[in-house]
Amino acid sequence: MANDNTKRPGREKGEILLEMRDLKIEGESDDIWHPIIKGINLTLRRGEVLGLIGESGAGKSTLGIAAMGFARPGCRFTGGSIVFDGIDMLKTSEEEKRKLRGSRISYVAQSAAAAFNPAHRLIDQTIETETQHGIRDSKSAVADAVDLYGRLRLPDPTTIGERYPHQVSGGQLQRVMTAMAITCRPDLIIFDEPTTALDVTTQVEVLASIRSIVEEFNTAAIYITHDLAVVAQMADRIMVLRHGKLVEESPTREMLSAPKEEYTKSLWAVRGLAKPEAHSDDTILSIEHVDAAYGNADKILDDVSVRIPRGRTVAVVGESGSGKSTLARVVTGLLPPSKGRVLFNGEPLPPALGQRDKEMLRRIQMIYQSPDTALNPRHRIYDVIGRPLNFYHGLTGPKLEQRIVDLLKMIELDESFIDRLPSEISGGQKQRVCIARALAAEPELIICDEVTSALDQIVQEEILKLLLRLQAEFDISYMFITHDIATVRAIADEIVVMNQGKVVEQGTKTEVLSPPYPAYTELLLSSVPEMDPDWLNNLLQKRQVKSE
């Protein structure tokens, strides 16, 4: 067995590990090359965490993965240099770069669901890189993976690796991916929105674990995020990017206290949206005493009752595994309840999707968390939006195309998007297309499952304003599943708090978000990161004192 590279010599804290000088990267669209990264300089020292922030399309992820000497398909390096620990990543061979990737440079992707092979167990995928690189044999690699699962607060760390990706929650899958990146004890880890899919309580644990492991192994990290409060807890230094250029760079505390550039100040000021709550006695959806489970497993939902008023928004909040998405599956007919019933406009909904007629299907639509996995990469936007228009309304030909254009305008995109593929538009634009696809059915209720969690804060606010405008125009009701309390304040009229498959609190937004709080609601609210670099340390200390 090779030596454990946690003992690798020459990992003295503070030495320069990565340098980029005047880096330029271009991307191809419609056979035309255009600049993505426009001459950026970057220096990263051993043991340092560098935060990259900026809105969607700023070039954060492109710059991050460039540290591996990698440019995405359709992109190319056109200038500058990337030197990792003395190795010129733009001049060295592909074979040498492959040896570095995974062993000395690791990458934690934003979408764990898209990154795992669904046909292989988690433990096999976790240890694959270190066994292939000869860092550990299989037995010791498994033992180390189990140890990392425990450090990352995964449930049943000794057995969770035996599961397949679809058998764990999104938050758990993201933590397994983090363990996978850490197994080789790399010199550099690129974290690309690693807590996006996590609820606030799990996020606290994962942030603390990541920071502890980075410090313990003197690992350098590039931390890409759109969450300013999160980057405040993780980064020693922050770089602000926009349109492929560096806007501002400074130590974290300095930037938080006194950002110099107007664009940086605008990032600090977003998410001030707060919808005044409204009430309605007209109920569109009633969930009555529902139990649900997957197969013969224990109940996921236990005696759940929820009411959705017509034309209003009910936010469903809770930790990963609390039953939020399972409740959505029950409403849509994807998971028939084992007990209880769901009423729509006062009439019982058939429990299974296959029992519902076309009109029932039309009235309830769903928008998913990840537009990358919700959109077929081979279908043009014309096909994505056009299919429900044809299926539900029988539109074809010029009428179909005109309605697609109308829907694009409704979501504030122009008709030039009609022939594009999902790969040719940004994350925020993809989510707008998913909204248009749901609107094409002309539904009365839309279930929004974490629809803004993968988006930067500026785009999040745009999407929330869009949803509010559409609700006002078309009297749409929303069941809004989220772990983001700022989103709840922005969009909700009422709030349902779930924990371990049960409703522990529900009421108007004012009632639920005003003290005194029940213990579980207090836990959720106290776990929302603040724009204070000491927030995480203070929170962990308070919880340590309470536990003692």
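Brief remarks on what is shown
- Of the residues in segment 216-226, at least one is under 17 Å from the mean Cα position of the chain (by Cα), crowded, with 21+ Cβ neighbours inside 10 Å and at pLDDT below 85.
- Single residue of segment 43-71 satisfying the filter (without any contact (Cβ under 8 Å) to a residue 40 or more places away in the chain and part of a loop (DSSP other than H, G, I, E, B)) that is least open to solvent (accessible area, probe 1.4 Å): Gly69
- Enumeration of residues in segment 230-257 that are part of a strand (DSSP E or B) and either touching an Asp or Glu at 6+ places or on another chain (Cβ under 6 Å) or not hydroxyl-bearing (Ser, Thr, Tyr) (or both): Arg237, Ile238, Met239, Val240, Leu241, Arg242, Lys245, Leu246, Val247, Glu248, Glu249, Pro251
- So Ala114, is it of a type in the set (Gly, Ala, Ser), within 22 Å of Arg72 (Cβ to Cβ) and open to solvent by 60 Å² or more (accessible area, probe 1.4 Å): yes
- Residue match in segment 361-376 (condition: among the small types (Gly, Ala, Ser) and either closer than 21 Å to Leu439 by Cα or without any contact (Cβ under 8 Å) to a residue 24 or more places away in the chain (or both)): yes
- Which listed residue, of Gln203, Gln233, is among the polar types (S, T, N, Q) and within 20 Å of Met255 (Cα to Cα): Gln233
- Selection within segment 310-342 - in contact with a Pro (Cβ under 8 Å, 6 or more places away or on another chain), surrounded by fewer than 23 Cβ atoms within 10 Å (Cβ to Cβ) and part of a helix (DSSP H, G or I): none
- Number of positions in segment 428-456 that are surrounded by fewer than 20 Cβ atoms within 10 Å (Cβ to Cβ) and under 16 Å from the mean Cα position of the chain (by Cα): 0
- Scanning segment 398-426 for residues that are open to solvent by 50 Å² or more (accessible area, probe 1.4 Å) and assigned to a helix (DSSP H, G or I) returns Pro398, Lys399, Glu401, Gln402, Arg403, Asp406, Lys409, Glu415, Ser416, Asp419, Ser423, Glu424.
- Residue check for Ala297: part of a loop (DSSP other than H, G, I, E, B), small (Gly, Ala, Ser) and either on the phi > 0 side of the Ramachandran plot or modelled with pLDDT under 85 (or both): yes
- Restricting segment 457-481 to residues that are open to solvent by 30 Å² or more (accessible area, probe 1.4 Å) and among the aliphatic types (A, V, I, L, M) leaves a set whose member that is nearest to the chain's Cα centre (by Cα) is Ile458.
- Within segment 267-304, the set of residues being open to solvent by less than 50 Å² (accessible area, probe 1.4 Å), within 28 Å of the chain's Cα centre (by Cα) and of a type in the set (Gly, Ala, Ser) comprises Ala292, Ala293.
- In segment 127-174, the residues that are closer than 20 Å to Gly318 by Cα, open to solvent by less than 40 Å² (accessible area, probe 1.4 Å) and not in a loop (DSSP other than H, G, I, E, B): Gly171, Gln172, Leu173, Gln174
- Subset of segment 72-81 that is assigned to a loop (DSSP other than H, G, I, E, B) and of a type outside the set (Gly, Ala, Ser) - its residue that is farthest from Leu23 (Cα to Cα): Pro73
Each row is one residue, and each column tells you yes or no for (1) surrounded by 23 or more Cβ atoms within 10 Å (Cβ to Cβ); (2) closer than 23 Å to Val306 by Cα; (3) in contact (Cβ under 8 Å) with a residue 60 or more places away in the chain; (4) over 20 Å from the mean Cα position of the chain (by Cα).
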{"position": "His483", "(1), (2), (3), (4)": "yes, yes, yes, no"}
{"position": "Arg489", "(1), (2), (3), (4)": "no, yes, yes, no"}
{"position": "Val503", "(1), (2), (3), (4)": "no, yes, yes, yes"}
{"position": "Thr510", "(1), (2), (3), (4)": "no, yes, yes, yes"}
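- For Met366, the conditions (1) under 26 Å from Gln174 (Cβ atoms); (2) assigned to a helix (DSSP H, G or I); (3) touching a strand residue (DSSP E or B) at 6+ places or on another chain (Cβ under 7 Å) all hold with the exception of (2).
The values are calculated or read from the model by the stated rules, or taken from the named source; none is laboratory data. Only a predicted model underlies this, so the values are computations on that prediction, with no experimental measurement involved. Don't worry about glycine lacking a Cβ; one is built from the backbone with ideal geometry, like all the others, and counts go over all protein chains shown. The protein model used for the area step is the full one, side chains on, heavy atoms only, and it has no ligands, DNA or RNA in it. Shrake-Rupley method; radii C 1.70, N 1.55, O 1.52, S 1.80 Å.
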